[in-house]
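The values are calculated or read from the model by the stated rules, or taken from the named source; none is laboratory data. Predicted, not measured: the structure shown is a model, and the values here were computed from it. Note that we place each Cβ from the backbone using ideal geometry, even for glycine, and neighbour counts take in every protein chain shown.
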Amino acid sequence: MPSEFLLYGVTGFVGEAIARRAITEELRPVVAGRNPVRVAALADELGVEHRAFALDDPDGVDASLTQVPVVLHCAGPYVHTAAAMVNGCLRSGTHYLDISGELPVYAAMASRDVEAKTQGVMVLPGVGFDVVPTDCLALHLKQRLPSATHLTLAFHSDGPAALPPGTVKTMLAHVPDGEKVRVNGDLVTPPRGTKTRQIDFGNGLRTATRRTWGDVFMAYRSTGVPNIEDYIVLSADQRRGIAIMDYARPLFKIEAVRKLMTRAVRSGSTAEERAQTRVSVWGEVVDGEGRRAVSRLHGPEAGVEWTARAALAAVRRVLQGDAPAGFQTPATAYGADFVLEREGVEREDIE
């Protein structure tokens, strides 16, 4: 099995972590990014090849992509970077993976489906925690209840690890887009206000708050369930902050405001903090007759550990020749059990 793939964005917090984990899994990434000095330093440390190029340099993109069967793109916000990389993949015949969780990016990539199939290229975004666990759980639930009309997904992080800094900055960049849910097959903006529900992730009921997650796009593609909502467990302070942010949303259209908020983003969690953190994912489907199925997943810290393990599992699948052409979701490409291929992940059916 060939072990080389292009890993772009290694100077970011998560990209570097994925590069280091790839080495422990006996994969040899060609590490890449815009900053030649930082990329070269990491490559020397890991003992791998490297490339330095900007995504607005098509010749540089093509020269690197033609040498590998697949790229794992880890440089966000993907709304600014994904199109250039996908364009390069379609020119070079290279399969595309990323760890994006951005709805506009998913929609833009889905629009390239016919072109990707014609070129024999797989375009598979969201192979990190966004959205492998939830997407695979959604398909598992749909298989348990094929008549499902409503899907609810939620997750809870238990431990000291915080979201990676790049993830937080991307979330801030998309505040002006507003919240989204899936209603009767359409993506819509729900009424203003904080919606919560009580969910048992395995250790008693927790208050979860409805927030936009990638599943309102990806799980719809994977399952066809027409009504989808996502929930996240937040602290009371976080819920108050979200409520304030919802009312201040127009201010986030001002670039200076977004830059001011990103300055407050804390540095990434330590390895020790991530090791002490576990994440549970809960899912429920209901049909028109009131039948219900509930399942849960339990796994490692989400932003780095679960993301790295899931993304490299997808890379390994492609390197083994398993890369269905066209736009894919994790579940349409690799099935509901794909999430269980990595160590430390368990699934249980509750109802």
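Odds and ends about this structure:
- Restricting attention to segment 12-30 and to residues that are within 17 Å of M85 (Cα to Cα) and in contact with a Gly (Cβ under 6 Å, 6 or more places away or on another chain), the residue that is surrounded by the fewest Cβ atoms within 10 Å (Cβ to Cβ) turns out to be G12.
- So W306, is it farther than 25 Å from G76 by Cα and either buried (at least 21 other Cβ atoms within 10 Å of the Cβ) or not assigned by TED's automatic domain parsing to the domain that holds G224 (or both): no
- The set of residues in segment 12-66 being within 17 Å of G128 (Cβ to Cβ) and among the β-branched types (V, I, T) consists of V14, I18.
- Residues in segment 52-83 that are farther than 24 Å from A310 by Cβ and surrounded by fewer than 24 Cβ atoms within 10 Å (Cβ to Cβ): A52, F53, A54, D56, D57, P58, D59, G60, D62, A63, T66, Q67.
- Of the residues making up segment 282-303, just one is within 14 Å of the chain's Cα centre (by Cα) and farther than 14 Å from R342 by Cα, namely G303.
- Residues (more than 18 Å from the chain's Cα centre (by Cα) and crowded, with 22+ Cβ neighbours inside 10 Å) located in segment 202-237: A208, V225
- One residue stands out in segment 88-118 among those that are polar (S, T, N, Q) and surrounded by 18 or more Cβ atoms within 10 Å (Cβ to Cβ): the one that is farthest from E301 (Cα to Cα), namely S92.
- Residue match in segment 141-161 (condition: without any contact (Cβ under 8 Å) to a residue 24 or more places away in the chain, surrounded by fewer than 23 Cβ atoms within 10 Å (Cβ to Cβ) and in contact with a strand residue (DSSP E or B) (Cβ under 9 Å, 6 or more places away or on another chain)): yes
- In summary, D56 fulfils each of the numbered conditions (1) acidic (D, E); (2) in a loop (DSSP other than H, G, I, E, B); (3) free of Cβ contacts under 8 Å to residues at least 24 places away in the same chain with the single exception of condition (3).
- Which listed residue is within 16 Å of T307 (Cα to Cα) and modelled with pLDDT of 95 or more, from G15, G33, G47: G15
- Only residues that are in a loop (DSSP other than H, G, I, E, B) and modelled with pLDDT of 95 or more were counted across segment 76-87, and they come to 0.
Conditions (1) of a type in the set (G, A, S); (2) out of contact with any Cys (no Cβ under 6 Å at 6 or more places or on another chain); (3) within 19 Å of V345 (Cα to Cα); (4) surrounded by fewer than 21 Cβ atoms within 10 Å (Cβ to Cβ), marked per residue:
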{"site": "Q276", "(1), (2), (3), (4)": "no, yes, yes, yes"}
{"site": "G283", "(1), (2), (3), (4)": "yes, yes, yes, no"}
{"site": "G290", "(1), (2), (3), (4)": "yes, yes, no, yes"}
{"site": "A293", "(1), (2), (3), (4)": "yes, yes, no, yes"}
{"site": "P300", "(1), (2), (3), (4)": "no, yes, yes, no"}
